[in-house]
Amino acid sequence: MLDPHELTHSTRVFSCNYTGPFQLLVVHTRCLLVQKGSSCGAHEQAQQSRMGLCWFLLSFLFHSLYAHNDFFTSIGQMTDLLYTEKDLVTSLKEYIRQEENRLEQVKEWADKLDSLTNTATQDPEGFLGHPVNAFKLVKRLNSEWGDLESLVLKDTTNGFISNLTMQRQFFPTEEDQTGAAKALLRLQDTYQLSANTISNGDLPGVVHKSRMTVADCFELGKIAYSEADYYHTELWMAQALTQLDEGEESTIEKVTVMDYLNYAIYQQGELERALELTKRMLKLDPNHQRANGNLKYFEFQLEKQRKAEAEKKEQEDKKREKKVLDKRDAQRKRSKDPLPERKKYEMLCRGEGVKMTPRRQSRLFCRYFDNNHNPWLLLAPVKQEDEWDRPRIVRYHDIISDSEIKTVKELAKPRLRRATISNPITGVLETAPYRISKSAWLYEYEHSTIEKINQRIEDVTGLEMDTAEELQVANYGVGGQYEPHFDFGRKDEPDAFKELGTGNRIATWLFYMSDVSAGGATVFPDVGAAVWPKKGTAVFWYNLFASGEGDYSTRHAACPVLVGNKWVSNKWIHERGQEFRRPCAMSEME
């Protein structure tokens, strides 16, 4: 079976206006900032000089802001790209207007001379017998045609091209495009969405619905193919082929799509389907070299398979049926998926499989909470709701105001950087595909709002904040997620927080700073708990028992954001300073 990797289609799609995942797929063609309608005449040299300085300063500014791009990992920063693209379109339209004006002048000149030469050539000697006509002919050919030549050669692209060239260095990269594509595949799997559903834009909570083109589907299939992900290659090449069969116009040819689809099907062991598709390819292109080679190969392989089936028909039927049913599981094995609880995790993300019984549910309550008559909470107790019993997870409602959220976002957004994880072997901070977000750290001395928030967490939890980590703000990107993990350091990670000198992470406080249209839940796979984002609320749980032992039931995850923009901030609270606030228990599991 020959590999269609030689194909070099790289169609790009120019469209936007959607904050969900679709329009972000082909983010490769986006830009960062372009001045509106910049253009200048030859007589405005001083103005050109000032504009040159302006562009230099803008370039320096945005190089500083976006030195760490990874645009796909933060919806909050990606919004800037929409405004940038809008400005670039304005510049492009100005170029078109200038070109249309220039061509209109050329057209007027051509129409005038067309009429004149038609009349003159009917009686050339009589026409030139008039001395004025003779003078004007000489004048036109000597000077006016030269002026026309200058008009035709006039370059009106300078403003647009200089803007585009200047900003190209800040464009999102291939890594961004691949990251956005993989996010779509992740959403497809987690929320069990068909390729047709995604292509049509039929997602819950969508405001700006947008349909994917054949080129979009083909590009997504190619990215899956480049990762040897034949399961998703098949899904998206099949969707591209379906849309072509339905009559959608595209520069992508059916045979090209079939070539990739054929290879993906073959790699998953479905020889009969691959043979049928090969025959269909040859009807469209009888001279297709790879299809002709594959036809002979598939027929030979099927004949071998039929002979083997004749000997062990029943066993082979069962194996073949299982192979079709478990395609995604087979792909996971090929890609060596490291997450053992993925099925459970994805079920919880979809709102399925929550295990709490009605009896346990009846023991969960809401209350006004003043934390043992804390002076700051006596007159204004907080609203506390039990979300889960074991481990105990509580939610606090109306715990952070809209104005505070706005301040936190404004402080964090300019310094958002790709979120990292600590390598358990080397201890080095590094990016990871299972954590798709950008984060920033805010210190209480920077703004009074941060100081107030820290004090509020201390009042509500009764825990010391001086030894806690700074407030971390996170914004999730396209399909943003953080797969199951522990917040505390395990026994096999004795040096996890050694450099801080404050002990292990005893507890986690998590603010939800936005509503999420679909997806984005915080789930605890080991116990079946799912907590859904609600703006202005916060959830709190202990990572360690009072004995100091880790509570392994707190392993949790941030589900992929299906539609919307998820902002959170969290406070990791450490052991030191809690000796008298949360005394050590006698039993290991207390």
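Per-structure values
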{"item": "Condition met for Val473 (surrounded by 21 or more Cβ atoms within 10 Å (Cβ to Cβ), assigned to a loop (DSSP other than H, G, I, E, B), within 25 Å of the chain's Cα centre (by Cα) and not hydroxyl-bearing (Ser, Thr, Tyr))", "result": "no"}
{"item": "Candidates Trp541, Trp567 - the one that is touching a residue at least 40 places away in the same chain (Cβ under 8 Å), aromatic (Phe, Trp, Tyr) and either under 22 Å from Ala183 (Cα atoms) or not assigned by the TED database to the domain that holds Ile457 (or both)", "result": "Trp567"}
{"item": "Considering residues of the stretch 496-511 that are crowded, with 21+ Cβ neighbours inside 10 Å, in contact with a Ser or Thr (Cβ under 9 Å, 6 or more places away or on another chain) and among the aliphatic types (A, V, I, L, M) only, the residue farthest from Glu549 (Cα to Cα)", "result": "Leu510"}
{"item": "Options Arg418, Arg392: the member that is touching a His at 6+ places or on another chain (Cβ under 8 Å) and touching a residue at least 24 places away in the same chain (Cβ under 8 Å)", "result": "Arg418"}
{"item": "Identity of the residue in the stretch 229-267, in a helix (DSSP H, G or I) and of a type in the set (Asp, Glu), that ends up most open to solvent (accessible area, probe 1.4 Å)", "result": "Asp245"}
{"item": "Residue list for the stretch 333-346, filter: surrounded by fewer than 15 Cβ atoms within 10 Å (Cβ to Cβ) and modelled with pLDDT under 85", "result": "Lys333, Arg334, Ser335, Lys336, Asp337, Pro338, Pro340"}
{"item": "Breaking point among (1) touching an Asp or Glu at 6+ places or on another chain (Cβ under 7 Å); (2) under 26 Å from Asp466 (Cβ atoms); (3) not hydroxyl-bearing (Ser, Thr, Tyr), for Asp551", "result": "(1)"}
{"item": "Filtered residues of the stretch 181-223 (kept if without any contact (Cβ under 8 Å) to a residue 60 or more places away in the chain and within 15 Å of the chain's Cα centre (by Cα))", "result": "Leu185, Gln188, Ile223"}
{"item": "Considering residues of the stretch 198-228 that are more than 18 Å from Leu562 (Cα to Cα), assigned to a loop (DSSP other than H, G, I, E, B) and not hydroxyl-bearing (Ser, Thr, Tyr) only, the residue most open to solvent (accessible area, probe 1.4 Å)", "result": "Glu227"}
{"item": "Entirely in the stretch 122-169, the helices (runs of 4 or more DSSP H) that have 1 or more residues that are within 30 Å of Glu85 (Cα to Cα) and of a type in the set (Lys, Arg)", "result": "158-168"}
{"item": "Extreme residue, nearest to Glu579 (Cα to Cα), among residues of the stretch 504-519 that are touching a Phe, Trp or Tyr at 6+ places or on another chain (Cβ under 7 Å) and part of a loop (DSSP other than H, G, I, E, B)", "result": "Asn504"}
{"item": "Residue in the stretch 536-545 that is in contact with a helix residue (DSSP H, G or I) (Cβ under 9 Å, 6 or more places away or on another chain), surrounded by 15 or more Cβ atoms within 10 Å (Cβ to Cβ) and more than 28 Å from Lys498 (Cβ to Cβ) present", "result": "yes"}
{"item": "Residues of the stretch 372-401 that turn out to be open to solvent by 40 Å² or more (accessible area, probe 1.4 Å) and among the hydroxyl-bearing types (Ser, Thr, Tyr), as a count", "result": "1"}
{"item": "Tally of residues being open to solvent by 20 Å² or more (accessible area, probe 1.4 Å), within 30 Å of the chain's Cα centre (by Cα) and modelled with pLDDT under 95 across the stretch 551-582", "result": "1"}
{"item": "Any hit, the stretch 135-152, residues being open to solvent by less than 60 Å² (accessible area, probe 1.4 Å), out of contact with any Gly (no Cβ under 9 Å at 6 or more places or on another chain), in contact (Cβ under 8 Å) with a residue 40 or more places away in the chain and closer than 25 Å to Glu99 by Cα", "result": "yes"}
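To keep it simple, each residue is scored yes or no on (1) polar (S, T, N, Q); (2) more than 30 Å from Asp87 (Cα to Cα).
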{"position": "Thr173", "(1), (2)": "yes, no"}
{"position": "Asp176", "(1), (2)": "no, no"}
{"position": "Gln188", "(1), (2)": "yes, yes"}
{"position": "Asn196", "(1), (2)": "yes, yes"}
{"position": "His208", "(1), (2)": "no, no"}
{"position": "Ser226", "(1), (2)": "yes, yes"}
{"position": "Gln239", "(1), (2)": "yes, yes"}
{"position": "Tyr260", "(1), (2)": "no, yes"}
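The values are calculated or read from the model by the stated rules, or taken from the named source; none is laboratory data. Predicted model, so just to flag it, every value in this text is computed and none were measured. All Cβ positions, glycine included, derive from the backbone under ideal geometry; neighbour counts span all protein chains shown. Heavy atoms of the whole protein, side chains included, go into the accessibility calculation; ligands, DNA and RNA do not. Shrake-Rupley method; radii C 1.70, N 1.55, O 1.52, S 1.80 Å.
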